[in-house]
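Peer 1: First, the structure itself, so that you have it in front of you.
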Amino acid sequence: MHQAVKPQGAFGVVTGWLMENLNGAQNRATVDALDPPPGAAVLEIGFGPGHALEMLARSRPLGLVAGVDHSELMVARARRRLDGGRGDAALDLRVGDAGDLPFPDERFDIVFAVNSFHHWPDKDRALAEIAGVLKPGGDLLLSIRDFRTAGGFEAPGKGAETAKAAADMLRDVGLQVRLREVVHSPKRATLLVRGRKCGRAEAA
């Protein structure tokens, strides 16, 4: 479990490979659900080897590709990966966590996280931080896996419980919430919890 949270060393390299391969369908579903405007600033929290960020940067004309991850190893590997895989976008990948984001307020159009929300030690603080760095009208997308049969990394239905709790917490920080399910197989689905920050015109 420690390697899944903060990959390090040789085992960390293997963990990064497993993350990319096991989460491939979920990364694609997440990227497909994002709709950043041209030139958008995008932040991923817990980006691991950078697979989802690369997929997004190759499919959309972004202005900034940014991320925070606990693991120095994953930051280094993702940076190498994205050096040639992000088009004209600027790159800003840092060691850090969701509860203490090293970015100014209202910096990002999109913030997203794939399979990392359940690892955040202080979810309330993290969501407040994310709401702060989102631009008015910007979106937070939490991508949460949900196993439908026994034998996975989590008990069946655990992801659905996590998604419901996440939706309630997003409402508590003032975001407008939508929940969508993407079914990959009878064994696994992705639950996409989207929170939108009210724009200035809407709040007026």
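The values are calculated or read from the model by the stated rules, or taken from the named source; none is laboratory data. Predicted model only: the values in this text are computed from it and were never measured. Ligands, DNA and RNA are excluded from the accessible area calculation, which covers all protein heavy atoms including side chains. Shrake-Rupley method; radii C 1.70, N 1.55, O 1.52, S 1.80 Å.
Peer 1: Could you check what % of the DSSP bridge pairs in the chain are antiparallel, to the nearest 5?
Peer 2: The antiparallel fraction comes to roughly 45 percent.
Peer 1: Same structure, new question: Label segment 30-78 by shape, choosing from rounded, prolate and oblate, from the square roots a ≥ b ≥ c of the eigenvalues of the Cα gyration tensor; if a/c is under 1.5 it is rounded, and otherwise prolate applies when a/b is larger than b/c, oblate when it is not.
Peer 2: Note, shape of segment 30-78 comes out prolate.
Peer 1: OK, next. According to the Kirkwood expression over distinct Cα-Cα pairs, how big is the hydrodynamic radius of segment 76-204, in Å?
Peer 2: This gives a value of 16.0 Å.
Peer 1: Collect residues whose amide H, placed 1.01 Å from N in the peptide plane, falls under 5 Å from the amide H of GLY137; neighbours closer than 5 in sequence don't count.
Peer 2: Those qualifying (amide H under 5 Å, at least 5 residues apart or on another chain) are LYS197, CYS198, GLY199.
Peer 1: Give me the 1.4 Å probe accessible area per residue for the chain, excluding ligands and nucleic acids, in Å².
Peer 2: Per-residue value: 48 Å².
Peer 1: Checking a compactness column here: for segment 12-125, what do you get for Rg(Cα) / (2.2 N^0.38 Å), N being the number of residues?
Peer 2: So the Cα radius of gyration is 0.98 times the expected 2.2 N^0.38 Å.
Peer 1: Right, another one. Jot down the radius of gyration and Dmax of segment 72-121, Cα atoms only, both in angstrom.
Peer 2: 12.4, 35
Peer 1: I've got another one for you. What part of the accessible area of the chain, given as a whole %, is carbon or sulfur when the probe is 1.4 angstrom?
Peer 2: So the carbon and sulfur contribution to the accessible surface is 52 percent.
Peer 1: Here is a further query. Kindly report, to the nearest 10 Å², the accessible surface of ASP172 as traced by a 1.4 Å probe over protein heavy atoms only.
Peer 2: Number for this one is 130 Å².
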